[in-house]
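See below for the structure under consideration.
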Amino acid sequence: MTGRPHEDGEQLLREMGSAWAKTQQHWHDDMANQFGRSHWAPLVDESRSYLRALGECMELLTAAERETEY
């Protein structure tokens, strides 16, 4: 199998996290705090859960591919 989308996703989350940190340097009112709690944090948590599950699926597919090689 080629590609590791779960690893690419982790890199993208890091980049988004960096962008959010830069945004927080300029946006630090109550609305920013609410956005962070209500939207940003859940998005990151759910994305990491998805990426973990995707990584597990990729491992299973890689193992299945190895086991079915001639």
Quiz prompt | Largest to smallest accessible area among 40, 27 [probe 1.4 Å] | solution = 27, 40
Quiz item: In Å², what does the accessible area per residue of the chain work out to with a 1.4 Å probe?
Solution: 81 Å²
Exercise. Round to the nearest 10 and give me the degree value, 0 to 90, for the angle of helix 41-67's Cα axis relative to the longest principal axis of the chain.
Key: 10 degrees
Exercise. State the dimensionless ratio Rg/Rh of the chain (Rg: radius of gyration of Cα atoms; Rh: Kirkwood radius).
Key: 1.21
Exercise. Work out the length of the dipole vector of the chain about its Cα centre, built from +1 on the beta-carbon of each Lys and Arg and -1 on the beta-carbon of each Asp and Glu, and round it to the nearest 20 debye.
Key: 260 debye
Exercise. Quick one: angle between helix 5-24 and the longest Cα principal axis of the chain, in degrees between 0 and 90, rounded to 10, please.
Key: 10 degrees
Quiz item: Roughly to the nearest percent, how much of the accessible area of the chain is carbon and sulfur, given a 1.4 Å probe?
Solution: 55 percent
Quiz item: When Lys and Arg each count +1 and Asp and Glu each count -1, what net charge do the other residues less than 10 Å away from residue 55, Cβ to Cβ, add up to?
Solution: -2
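The values are calculated or read from the model by the stated rules, or taken from the named source; none is laboratory data. Treat the numbers as computed from the prediction; the structure is a model and nothing was measured. Here the Cβ is made from the backbone with ideal geometry for all residues, glycine too, and neighbour counts use every protein chain on show. Calculation scope for accessible area: heavy atoms of the full protein, side chains included, ligands and nucleic acids excluded. Shrake-Rupley method; radii C 1.70, N 1.55, O 1.52, S 1.80 Å.
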